[in-house]
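K.L.:
One structure follows; several queries about it will come next.
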C-alpha cells in the first residue's frame, strides 16, 4: 500500500514537472517576464528534486526490507545448527506462546505483530515486513499489550521468560 502511494506521488510529481516544463516553454516563447519564468523554473526544480529524493528513499527502504528478510531467513536457517535440547525447548516455548495468544484472543494480525515484537523488531521494521503503516503496528501493539495486561514491549517479552530465570 505504501509503495502504491509513493509511486502515485512520484507519478503526480512527474506530471507536474512535465506540464510546468511545457508551460515554461510556452511562456518563454511568448516573452513572459523573467520573474515568472524564474518562479516556474523553481517549481520544476523542486518537483524534480522531490522525485529524486522519493526514488532514492524508496530504493533505500526496499534494500533495508530485503536485508531484514535475509536476516530473518538466516536466523531460521541457524536453528538447524542448534542442539536438540535447545530445539525442543524452543518448540515448547513456541507452543506456550501460541496457547497464550489464543487465551488472550489475539487476532491473526496481532499474533504476527506479537511474534515479531518478541523477536525484537522495531515498529518500523514490522510495518515494512507486513507492508502496512507504522501507525497500524503501534495500534496493534497497544491492543496486544492491553489484552495481555502488560504496560509495554519489555513487560510483554518478560511475561514469557520471567518464570524461566
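The values are calculated or read from the model by the stated rules, or taken from the named source; none is laboratory data. None of the values given here were measured: they were computed from a predicted structure. Neighbour counts are summed over all protein chains in view; Cβ atoms, including those assigned to glycine, are modelled from backbone coordinates with ideal geometry.
So that you can scan it fast, the table gives a plain yes or no per residue for (1) closer than 30 Å to residue 6 by Cβ; (2) assigned by TED's automatic domain parsing to the domain that holds residue 6:
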| position | (1), (2) |
| --- | --- |
| 61 | yes, yes |
| 66 | yes, yes |
| 75 | yes, yes |
| 88 | no, no |
| 107 | yes, no |
| 123 | yes, no |
| 137 | yes, no |
| 148 | no, no |
| 157 | no, no |
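K.L.:
Give the residue that is modelled with the lowest pLDDT, with candidates limited to residues of the range 68-86 that are loosely packed, with under 10 Cβ neighbours inside 10 Å and assigned to a helix (DSSP H, G or I). Give the steps one after another, and end with the answer.
P.N.:
Kept after step one, since they are loosely packed, with under 10 Cβ neighbours inside 10 Å, are these residues of the range 68-86: 74, 76-78, 80-81, 83-85.
From what's left, assigned to a helix (DSSP H, G or I): 74, 76-78, 80-81, 84-85.
Working: 74: 74, 76: 65, 77: 63, 78: 64, 80: 60, 81: 69, 84: 80, 85: 80.
Applying the filter and picking the extreme gives 80.
K.L.:
Give the residues of the range 24-37 that are part of a helix (DSSP H, G or I) and surrounded by 10 or more Cβ atoms within 10 Å (Cβ to Cβ), sorted by residue number.
P.N.:
Once the filter is applied, which keeps residues that are part of a helix (DSSP H, G or I) and surrounded by 10 or more Cβ atoms within 10 Å (Cβ to Cβ), the range 24-37 yields 24, 25, 26, 27, 28, 36, 37.
K.L.:
Let me ask something else. In the range 133-163, which residues are touching a helix residue (DSSP H, G or I) at 6+ places or on another chain (Cβ under 8 Å) and not in a helix (DSSP H, G or I)?
P.N.:
If the condition is that a residue be touching a helix residue (DSSP H, G or I) at 6+ places or on another chain (Cβ under 8 Å) and not in a helix (DSSP H, G or I), then 133, 150, 151, 152 are the ones that fit.
K.L.:
Do we find a residue being over 25 Å from residue 64 (Cβ atoms) and out of contact with any strand residue (DSSP E or B) (no Cβ under 6 Å at 6 or more places or on another chain) anywhere in the range 128-143?
P.N.:
Yes: one or more hits.
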